[in-house]
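Each remark here refers to the structure printed beneath this line.
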Amino acid sequence: MEDPLTQKMNTNPPRSRLTGGGFIVDDATPDDIFISEEFTEEQLMIKEMVIDFCVQNIQEPFFKNGRELEATLPEDRNKILALLKKAGDLGLCGISISEAYGGMGLDFNTGILFNEALASGFAFATTLGAQTSIGSLPIYYYGNEQQKQQYLPGIASGKLIASYALTEPNSGSDANSARTKAVLSADGTSYSLNGQKIWITNGGFADVYIVFAKIEDDKNLSAFIVERNYPGFSVGEEAKKMGIKASSTVQIFFDNCIVPSQNLLGDREAGFKMALNILNTGRIKIASGGVGAGKFSVTRGIEYALKRQQFDQPIANFGAIKQKIGTIITQTYALEAAVYRTGKNVDEKINALVKNGVNDGASKLNGVKEFAIECAILKVVGADLACYATDEVMQIHGGMGYAAELGLEMAYRDSRITKIYEGTNDINGMLSVAELIKKGLKTKEIDLNGAGKKIPFMVLFEHFRWGKGLHWKREQRLIKGLKNTFLLILGAAGQRLKQDLIKEQEIILNLSSILAEAYVAESVYLKVRKLASSNQDIADLSIQEKIAQLYLYKSLNKVQNEAKEAIDSFASGFEKRILNYFVGKLLPPYLQNPKALSREITDHALIQKKYPF
């Protein structure tokens, strides 16, 4: 017989999956999510094609020549351009552009899968990623028909290289403070641009640039399509960088640069929102790149650990090595579950908009915008994983990992940028909470207050009686506890700090970590439940269930620490005691043996000699 709490929870069906951020108040079911095992053979063929392209054209030449490509060297720039042209010939430059404009017209989730595979291309992933995302999507989403016809076929084929110019020397995260100015000519036929942009990916060899500037005394940015040959446009020297050396990164300058008025992209002053919306797409693609980085890195670590002998045995036998491998596998598996869950939700939103008569570009734009919270969460998790995985696998290799010839130090350096671009991890963490607050309090799309008011009743009512023999009921309630811990602290901090809460960045970052753990932990849980309920005979299902248990175990530890730190940062006296009491009830001990779980996961991967899922 179902217990009263579960009965009560089931009387409130989940909100539509088309509401971004709604996961924090709703309880999704396994049938609500998409998992990577559901990709079709055609989708997986695209993934394999991209991996093969990266291995044959990037990895193998690197190991043969013993050095990475560098955009600062003219001969290497030519090789990079040749790779882009080759990618264009295979259709890889237009994955998100519809077939009407020469692209592949992939759905959103397949596009994310593409970016997971592209992680095998090291720095070239940044070059091609800019071409397929931030460099071309503004035109596809916001351009008029004439602009689309003029530029998109060339970008999709690789004949035109695209770039995106937002950042300035004095405006990074505060993008709308940009100083580049545009002045409309007296006859209205052109704009004169003056200013400069910095850290422009593909900028050294691009043909087309999406440039953001303020028209005269406007408050907000506008966007322009600027061609390389326009008078008054110039490109600076290639930046010498710590990593992604095969990616062109330059400053660009506008000295009375003349841009035809018909190259205004979208509406006047719409550029700031445009920039933010385009970055949402880039953020989830960074997350899928983190999945690819995790799989690539841990496979390299497994291969080396099996053949490297110390003390008359492979180092794969040692617990410290097993722990590193098990942690990377667990985090990669969890991120993958959350990424493709989100990608499918975006596709569903897009399809719903198309059915309501919205055109393809606008549907895709608004589909991603709806899930801006999830995109921000996943960008942080994916960037953290890319950096962690490459670092730990270098550690597994010891001194050999530090040698350039293995490529690990290159992967290590290349991964570090993911915490910075498309908005730093700190900015994205704070953004995820700010957008959720906005949806809860301003637009009323998510009932944060209503969900928060139920928490005391739920804690007092259930006393955490788990119910013997109810498989996964404990995990289900602990995940609910993660969500309610977020709601509890958000509500209490909001009552205490009012409008000043959003200024308390330390507390917001505590909340963002809790929010992320709730989403990812639920995604892993739902994935293994969906696999378990399928009719397929999954030989390693028990191992995948152990991953869900280990991830939840570590999430609970992390959230307990974040919750305590947040509470200690704003509460005192009786309020602090009561909040800590409720957190203790929401997040009781989860009795697992992390060492045993990690070793079983790792031993399974060692048998497979690679990332096993």
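Within region 167-187, the set of residues being at pLDDT below 95 and either surrounded by 15 or more Cβ atoms within 10 Å (Cβ to Cβ) or more than 31 Å from the chain's Cα centre (by Cα) (or both) comprises THR167, GLU168, SER171, GLY172, ALA175, ASN176, ALA178. Annotation: of all residues in region 27-44 being assigned to a loop (DSSP other than H, G, I, E, B) and under 22 Å from the mean Cα position of the chain (by Cα), the one that is farthest from LYS439 (Cα to Cα) is PHE39.
Taking the criterion of being of a type in the set (D, E, K, R) and either within 29 Å of the chain's Cα centre (by Cα) or modelled with pLDDT of 95 or more (or both), the residues of region 309-327 that qualify are LYS322, LYS324.
Does GLU506 fit the bill of being at pLDDT 95 or above and surrounded by fewer than 16 Cβ atoms within 10 Å (Cβ to Cβ)? Yes; evaluated as a whole, the condition is true for this residue. Any residue in region 533-541 that is of a type in the set (A, V, I, L, M), out of contact with any helix residue (DSSP H, G or I) (no Cβ under 7 Å at 6 or more places or on another chain) and surrounded by fewer than 18 Cβ atoms within 10 Å (Cβ to Cβ)? Within region 533-541 (the criterion being of a type in the set (A, V, I, L, M), out of contact with any helix residue (DSSP H, G or I) (no Cβ under 7 Å at 6 or more places or on another chain) and surrounded by fewer than 18 Cβ atoms within 10 Å (Cβ to Cβ)), the answer is yes, since at least one residue qualifies.
Out of region 97-110, which residues are closer than 12 Å to THR132 by Cβ and either surrounded by 24 or more Cβ atoms within 10 Å (Cβ to Cβ) or under 13 Å from the mean Cα position of the chain (by Cα) (or both)? If the condition is that a residue be closer than 12 Å to THR132 by Cβ and either surrounded by 24 or more Cβ atoms within 10 Å (Cβ to Cβ) or under 13 Å from the mean Cα position of the chain (by Cα) (or both), then ILE97 is the only one that fits.
The set of residues in region 410-445 being within 27 Å of MET394 (Cα to Cα), of a type in the set (D, E, K, R) and in a loop (DSSP other than H, G, I, E, B) consists of GLU422 alone. Here the condition is being of a type in the set (Asp, Glu) and in contact (Cβ under 8 Å) with a residue 60 or more places away in the chain; of GLU168, GLU145, GLU68, it holds for GLU68 alone.
Any idea which of GLU60, GLU38 is modelled with pLDDT of 95 or more and exposed (fewer than 14 other Cβ atoms within 10 Å of the Cβ)? It is GLU38. Among the residues making up region 356-412, those that are more than 19 Å from ARG341 (Cα to Cα), surrounded by 24 or more Cβ atoms within 10 Å (Cβ to Cβ) and at pLDDT 95 or above are ALA386, ALA389, THR390, VAL393, ILE396.
The condition (being surrounded by fewer than 18 Cβ atoms within 10 Å (Cβ to Cβ), over 19 Å from ASP174 (Cα atoms) and of a type in the set (Lys, Arg)) is satisfied by just one residue among LYS219, LYS245, LYS240: LYS240. Exactly one residue out of ILE97, ILE155 is farther than 28 Å from GLU238 by Cα and among the aliphatic types (A, V, I, L, M): that is ILE97.
Restricting attention to region 568-607 and to residues that are under 18 Å from TYR553 (Cβ atoms) and aliphatic (A, V, I, L, M), the residue that is surrounded by the fewest Cβ atoms within 10 Å (Cβ to Cβ) turns out to be LEU591.
With the structure loaded, tell me whether GLY290 is at pLDDT below 95, under 30 Å from GLY367 (Cα atoms) and either among the small types (Gly, Ala, Ser) or touching a His at 6+ places or on another chain (Cβ under 6 Å) (or both) or whether it fails that test. Judged against the criteria, GLY290 is not a match.
The set of residues in region 340-355 being more than 17 Å from the chain's Cα centre (by Cα) and either modelled with pLDDT of 95 or more or within 22 Å of PHE23 (Cα to Cα) (or both) consists of GLU348, LYS349, ILE350, ASN351, ALA352, LEU353.
The lone criterion from (1) farther than 22 Å from GLY129 by Cβ; (2) modelled with pLDDT under 95; (3) in a helix (DSSP H, G or I) left unmet by HIS471 is number (3). Tell me, which residue of region 413-460 that is of a type in the set (Asp, Glu) and crowded, with 20+ Cβ neighbours inside 10 Å is modelled with the highest pLDDT? Out of the qualifying residues, it is ASP414. Taking the conditions (1) crowded, with 22+ Cβ neighbours inside 10 Å; (2) aliphatic (A, V, I, L, M); (3) in the same structural domain as GLU409 (by TED's automatic domain parsing) in turn, VAL259 satisfies each one other than (3). Scanning region 367-402 for residues that are free of Cβ contacts under 8 Å to residues at least 24 places away in the same chain and among the aliphatic types (A, V, I, L, M) yields one hit, MET394. Set side by side, the residues VAL559, VAL528, VAL524, VAL520 differ, and just one is in contact with a helix residue (DSSP H, G or I) (Cβ under 9 Å, 6 or more places away or on another chain), free of Cβ contacts under 8 Å to residues at least 24 places away in the same chain and crowded, with 18+ Cβ neighbours inside 10 Å, which is VAL528. Screening region 495-613 for helices (runs of 4 or more DSSP H) wholly inside it with 2 or more residues that are under 22 Å from the mean Cα position of the chain (by Cα) returns the ranges 505-533, 541-570. In the set (1) over 24 Å from ASP267 (Cβ atoms); (2) touching a residue at least 40 places away in the same chain (Cβ under 8 Å), PRO231 fails one condition alone, (2). Tell me, please, whether a residue that is among the polar types (S, T, N, Q) and either touching a strand residue (DSSP E or B) at 6+ places or on another chain (Cβ under 6 Å) or within 20 Å of LEU106 (Cα to Cα) (or both) can be found in region 17-31. No, every residue in region 17-31 fails to be among the polar types (S, T, N, Q) and either touching a strand residue (DSSP E or B) at 6+ places or on another chain (Cβ under 6 Å) or within 20 Å of LEU106 (Cα to Cα) (or both).
The values are calculated or read from the model by the stated rules, or taken from the named source; none is laboratory data. Just so we're clear, the structure is a prediction, and the values are computed from it rather than from any experiment. Backbone-built Cβ (ideal geometry, glycine too); neighbour counts: all protein chains shown.
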